[in-house]
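**Student:** My questions all concern the structure below.
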Amino acid sequence: MTGYIIKRLFAMIVTLWFIITLTFFLMHSIPGSPFNEERNTSEAVQRNLEKFYHLDEPLYVQYGMYLKSVVTFDFGPSIKKSSQTVNEMLGRGFPVSFELGIVTLIVAVFSGIALGIIAALRHNGIIDYLAMTIAVLGISVPNFVLATLLIQQLAVNLTILPVATWSSPKHMILPTLALATGPMAIIARLTRSSMLEVLTQDYIKTAKAKGLSPVKIVFKHALRNALLPVVTVLGSLAASILTGTFVIEKIFAIPGMGKYFVESINTRDYPVIMGTTVFYSTILIMMLFLVDIAYGVLDPRIKLHKKEGS
Amino acid sequence: MEKVLEVKDLHVTFTTYGGEVKAVRGVSFDLLKGETLAIVGESGCGKSVTSQSIMRLIPSPPGRIAGGAVLFKGQDLTKLKESEMRNVRGADISMIFQDPMTALNPTITIGEQIIEGIMQHEMISRQDARKKTLEMLDLVGIPNPVERLKHYPHQFSGGMRQRIVIAMALVCEPEVLIADEPTTALDVTIQAQILDLFKDIQRKTGVSIMIITHDLGVVAQVADRIAVMYAGKIVEAGERREIFYNPQHPYTKGLLNSVPRLDLDGADLVPIGGSPPDLFSPPAGCPFAARCDFAMEVCDRVYPYKTHLSREHHVDCWLQDERAQKMLAGIK
């Protein structure tokens, strides 16, 4: 097991290096630079600025310097918000995004799995159709539409929940709902189809023939086998939800890190682009690693380490 | 001998988009204590549906027990509530399915899968349930059971898995064991071992076994009595010797003729021509008439009465009808 983890960690570092390299050169191949906007800066000022951020050096030198700083976990200062470093921005934004993300994930996973199980057990019944209608709506209605609708109805018309901002648990309800519906729908549909498949398996019939109760059959025998596909999508889903979403955070004025992804690209804020990408990739790679571990836990047939002698 | 299980005029139908499929059409038989009854027939004749209906395991909907009774020690199982039926399954009547590769849950240790069955039906501690499991694994011939208890199904071979499935079915000491094609998925040497195991366990525990198969070799090896099913009906039944040496229904004869024989060339294999009738609208007469070399006009029109040839041996065929015998006597 430890051998496997070490091997995976090494592979993760290599993956991350690929991502950094690719992002770095892609980013620099976009036309424009942080300093040529409509604002007229004199040429001398521009040159000084470029010198300060080492933008006048050849690309490979910049790349080398960047790699060095990444190894020391220093993503450098933001070019556009000169008083802040990228580390500070992520340090401030990520906890907020993470808080919203984790609550959203819990809501989405539990309600999605529950909905999926109910739909599967009532296959082709009214409850199944109802659950799947909700799921299809959840997937097809964009979350910004849902968010504005929720604000309009629950915050403006009924005034039972705050419109926006991020200060108390009550403030969390609307953004969580808006953000969780999509993933919940995906998880519900996956759980349903995979549950339906598992329920026709012979071992479920064996369990019934043993006289087990429906509850035991569903939760002990069926669910564990049905969860593998759900766990698969959960990895990338979790990474993107935990690192914040631009739209939802914008609508609800939540000071998360979602906005940095978008803003940094528009303003060619090179260190921030790199910082957010590396950060997101790291989380994603870690989540995929967790998914692989979860496979091994859920299904004993999946061996994470090589068998001795094979 | 005491009757453990009595199936009386059982009808099972499946509702599909195309209409009602009458899969089992009035099947009756008894299972005596400690005997082995084999139900034989080709695919789709309703033998599996019959066995699953006894356990009330047919998926419902679309399946439905449309009539008849299944008496277990005098109690009609078709009338029980689902929760009462759960107390019967696994404890009084157990079932083994065809494919041991898929009959065990791949994510649960085999020990746990056996123990949970015991805990479901008996008020004993986990420790005692574990002890019982070990004894049972030993009985079915799993070497080193203490160690093997912690293993998952994929760590066993097919034959070993079938032994585990048998252990699982027998651990609560049921009175009836229904084995649905228990050896079909196994290779021949393992088949023989498993059939020996059945006989051995029956001797030790006195369990009544109902074995569903299309393999006449298996039947010859284990059955005390045989019931031949065709198109949802039992067309001939009797003791093993009677069916093998004195088959009377043309279908039974056809089945026996179609068994490959070592002393003949492969070219001499005699199949039964034609195919079974459509069970959406089964024929009014004998369902085998269309494939039968000896069919008469009456066969097409009226389903034959049951004719008793001996105490156990009976057949549904006009050729054996007593009136035919009388007619024959009249001519002579």
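The values are calculated or read from the model by the stated rules, or taken from the named source; none is laboratory data. These figures come from a predicted structure and were not determined experimentally. Backbone-built Cβ (ideal geometry, glycine too); neighbour counts: all protein chains shown. Only protein heavy atoms, including side chains, enter the accessible area calculation; ligands, DNA and RNA are left aside. Shrake-Rupley method; radii C 1.70, N 1.55, O 1.52, S 1.80 Å.
**Student:** In segment B:24-44, what residues are assigned to a strand (DSSP E or B) and under 15 Å from the mean Cα position of the chain (by Cα)?
**Tutor:** Hits for segment B:24-44 are B:V24, B:V27, B:S28, B:F29, B:D30, B:L31, B:L32, B:T36, B:L37, B:A38, B:I39, B:V40.
Listed here are the residues, each with its yes/no results for (1) within 20 Å of A:N266 (Cα to Cα); (2) surrounded by 12 or more Cβ atoms within 10 Å (Cβ to Cβ).
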residue	(1), (2)
A:G3	no, no
A:W17	no, yes
A:G32	yes, no
A:E43	no, no
A:Q46	yes, yes
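**Student:** Considering only segment B:75-132, how many residues are basic (K, R) and in contact (Cβ under 8 Å) with a residue 60 or more places away in the chain?
**Tutor:** 0
**Student:** Of all residues in segment A:207-216 being open to solvent by less than 10 Å² (accessible area, probe 1.4 Å) and assigned to a helix (DSSP H, G or I), which is nearest to the other protein chains (Cβ to nearest Cβ)?
**Tutor:** The residue in question is A:A209.
**Student:** Would you be able to say whether some residue in segment B:136-159 is assigned to a helix (DSSP H, G or I), touching a strand residue (DSSP E or B) at 6+ places or on another chain (Cβ under 9 Å) and among the aliphatic types (A, V, I, L, M)?
**Tutor:** No; the residues of segment B:136-159 include none that is assigned to a helix (DSSP H, G or I), touching a strand residue (DSSP E or B) at 6+ places or on another chain (Cβ under 9 Å) and among the aliphatic types (A, V, I, L, M).
**Student:** Residues to consider are B:R89, B:R64; find the one that is charged (D, E, K, R) and at pLDDT 90 or above.
**Tutor:** B:R89
**Student:** Out of all the residues in segment B:53-89, which are within 11 Å of chain A (Cβ to nearest Cβ), open to solvent by less than 20 Å² (accessible area, probe 1.4 Å) and not hydrophobic (A, V, I, L, M, F, W, C)?
**Tutor:** Of everything in segment B:53-89, just one residue is within 11 Å of chain A (Cβ to nearest Cβ), open to solvent by less than 20 Å² (accessible area, probe 1.4 Å) and not hydrophobic (A, V, I, L, M, F, W, C), namely B:R89.
**Student:** Here's another thing I want to ask about it. Please pick out the residue among A:I118, A:I127 that is open to solvent by 70 Å² or more (accessible area, probe 1.4 Å), among the hydrophobic types (A, V, I, L, M, F, W, C), within 19 Å of A:T191 (Cβ to Cβ) and free of Cβ contacts under 8 Å to residues at least 12 places away in the same chain.
**Tutor:** A:I127 is the lone residue from the list that is open to solvent by 70 Å² or more (accessible area, probe 1.4 Å), among the hydrophobic types (A, V, I, L, M, F, W, C), within 19 Å of A:T191 (Cβ to Cβ) and free of Cβ contacts under 8 Å to residues at least 12 places away in the same chain.
**Student:** Turning to a different aspect of this structure: Please enumerate the residues belonging to segment B:37-52 that are open to solvent by 10 Å² or more (accessible area, probe 1.4 Å) and within 13 Å of chain A (Cβ to nearest Cβ).
**Tutor:** B:S48, B:Q52, listed by residue number.
**Student:** Can we say A:L199 is open to solvent by less than 70 Å² (accessible area, probe 1.4 Å), within 27 Å of the chain's Cα centre (by Cα) and over 30 Å from A:P95 (Cβ atoms)?
**Tutor:** When the stated conditions are applied, A:L199 does not pass them.
**Student:** Go through segment A:34-80 and give me each residue that's closer than 20 Å to A:F24 by Cα and among the basic types (K, R).
**Tutor:** A:K51, A:K68, A:K80 - these are the residues of segment A:34-80 that are closer than 20 Å to A:F24 by Cα and among the basic types (K, R).
**Student:** Still on this model: Do we find a residue being within 15 Å of A:K250 (Cα to Cα), open to solvent by 30 Å² or more (accessible area, probe 1.4 Å), in a helix (DSSP H, G or I) and not acidic (D, E) anywhere in segment A:151-168?
**Tutor:** There is no residue in segment A:151-168 that is within 15 Å of A:K250 (Cα to Cα), open to solvent by 30 Å² or more (accessible area, probe 1.4 Å), in a helix (DSSP H, G or I) and not acidic (D, E).
**Student:** Looking only at segment A:292-304, decide whether some residue is away from chain B (no Cβ under 14 Å) and either on the phi > 0 side of the Ramachandran plot or at pLDDT 85 or above (or both).
**Tutor:** yes
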